[in-house]
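Trainee: To start, I am sharing the structure in question, which I have written as structure tokens.
FYI, it's all coordinate maths here, none of it is from the lab. Everything quoted here is computed from the prediction, not taken from an experiment. Here the Cβ is made from the backbone with ideal geometry for all residues, glycine too, and neighbour counts use every protein chain on show.
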Amino acid sequence: MLSRDHYAVLGVPPDADDETIDAAFRRLSRRYHPDLNPGDARAQAAFERLKMAHSILTDSRERARYDSEGRPPAKDIKVLSNTSTEVKNEARSYADLFRKLCDHAKRTQPNRGHDVYTSVVCQLVDTERGRRTAVEVRRLHRCLDCSGAGRLQTGDNAPCTTCTGSGQEVYGRGPLAVAVACGDCNGEGLQVGATCGTCHGSGLTARKETLPFQIPSGVQDGQAIRVNGDGHQGPKGSPPGDLVVTVSVHNDPRFQRRGPHLITSVPITVSEAILGARIELSTIDGSVALLRVPPGTRGGDRLRVRGRGLEMTNGRSGDLIAVIDLWLPDTVDEDARRLIREFGNRTAEPVRDRNQRATVNR
């Protein structure tokens, strides 16, 4: 391991005076002081390096000895201060800087997590007022072993080999040199730990769970409902995706659905069709609706009961539509036949063309 460059640790040039060194030490101490970072081993190690560098560079004898014996060779120094006008590593150009910044932007872009897709089955009655149910999904969550970082912290807090512990990399040369945070250690100056064995470096682990889900009123068969933020957790602390639930609605044999309206077949007798009647109908929610059948109703007529269909999302309700089915008895006795013939004779009307003759079984 090369000896640490104390000038790079403090971010000052080799010819910096004591005032510049003190100012740099105070600035960095405010960031890494243990009192401001309780329990942070990396901050503690960084602060210790700062103190050592400051004590050596502000002592004239120690600094002279360090300058003559202790500094690493110039060809091995990868990081210099952002205040320096001399850049030793001349191999790095501005093109390298732009490539690094683009790569860093891609790696640090807060991409949201993926959506979770599942389905749920409900009955037609559940779409009347909506129903609270639950769905079982498998979602990605932040790994608890590495706190979502994908790597485990090392116990020795070794300095980063790329920036030699300063947390910075410099590109360009002369007065236009640009310093950026080290990409290998994210500017911390410490080596990253080993890959987390639980999440294999992704920072995410999957687990199976049951989530509450509200079936909205008026939902259509095959409709996809999106629940914001209930999807997979995003990488490196980015926002989670959404939960997308496709709802399948089972039909009710009593009703046919047309949007918010419900259609049902209502059998009535001949006398009810002729004279009119009031009929009680069962609705989708189990209550009873009163249907008024006017006199002279014919088979196939549609009668409407307002507001007794499905409730819509805007608070209004569809209608219950009764399709009249004229019911005829399977068998009639002789007295009934006689009455029917008499009724037919009294109510005979020229409903057919004169050239068309009806044969009546008598």
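Trainee: Can you give me the long-range amide H partners of residue 204? Hydrogens built in the peptide plane at 1.01 Å from N, cutoff under 5 Å, separation of 5 or more residues or another chain.
Mentor: Amide H neighbours of residue 204, under 5 Å, 5+ apart: 143.
Trainee: What ranking, highest mean first, results for peptides 194-200, 11-17 when packing means the other Cβ atoms within 10 Å averaged over each residue?
Mentor: 11-17, 194-200
Trainee: Through the Karplus equation 6.51 cos²θ - 1.76 cosθ + 1.60, θ set to phi - 60°, convert the phi angles of region 286-301 into ³J(HN,Hα) values in whole Hz; use x for Gly and Pro.
Mentor: So the J values, rounded to whole Hz, are x, 7, 10, 10, 9, 9, 9, 9, x, x, x, 5, 10, x, x, 4.
Trainee: Could you tell me the calculated FRET efficiency between residue 29 and residue 147, based on Cβ-Cβ distance and R0 = 35 angstrom, to the nearest 0.05?
Mentor: Between residue 29 and residue 147 the formula returns 0.85.
Trainee: Moving on. Modelling each spin label as a point 7 Å along the Cα-to-Cβ direction, I'd like the residue 265/residue 55 distance in nm, to one decimal.
Mentor: Result for the modelled spin labels: 9.6 nm.
Trainee: In the calculated pair distance distribution of region 256-346, what percentage of Cα-Cα distances lie above 22 Å?
Mentor: Percentage above 22 Å: 39.
Trainee: In what sequence, highest mean first, do 306-312, 246-252, 318-324 appear when ranked by Cβ atoms within 10 angstrom?
Mentor: Highest mean packing first, the order is 318-324, 306-312, 246-252.
Trainee: Measure out, as a whole number of angstrom, how far apart the alpha-carbon centroids of region 297-343 and region 34-61 sit.
Mentor: So the separation of the two Cα centres works out to 90 Å.
Trainee: When the Karplus curve 6.51 cos²θ - 1.76 cosθ + 1.60 is applied with θ = phi - 60°, which whole-Hz ³J(HN,Hα) does each residue of region 260-275 get, with x for Gly and Pro?
Mentor: x, 8, 10, 10, 9, 8, 10, x, 9, 7, 4, 5, 5, 5, 7, 8
Trainee: Continuing with the same structure: Long-range amide H contacts for residue 196: which residues qualify at under 5 Å (H placed 1.01 Å from N, peptide plane, sequence gap of 5 or more or a different chain)?
Mentor: Amide H to amide H, under 5 Å and 5 or more residues apart or across chains, residue 196 pairs with 151, 152, 201.
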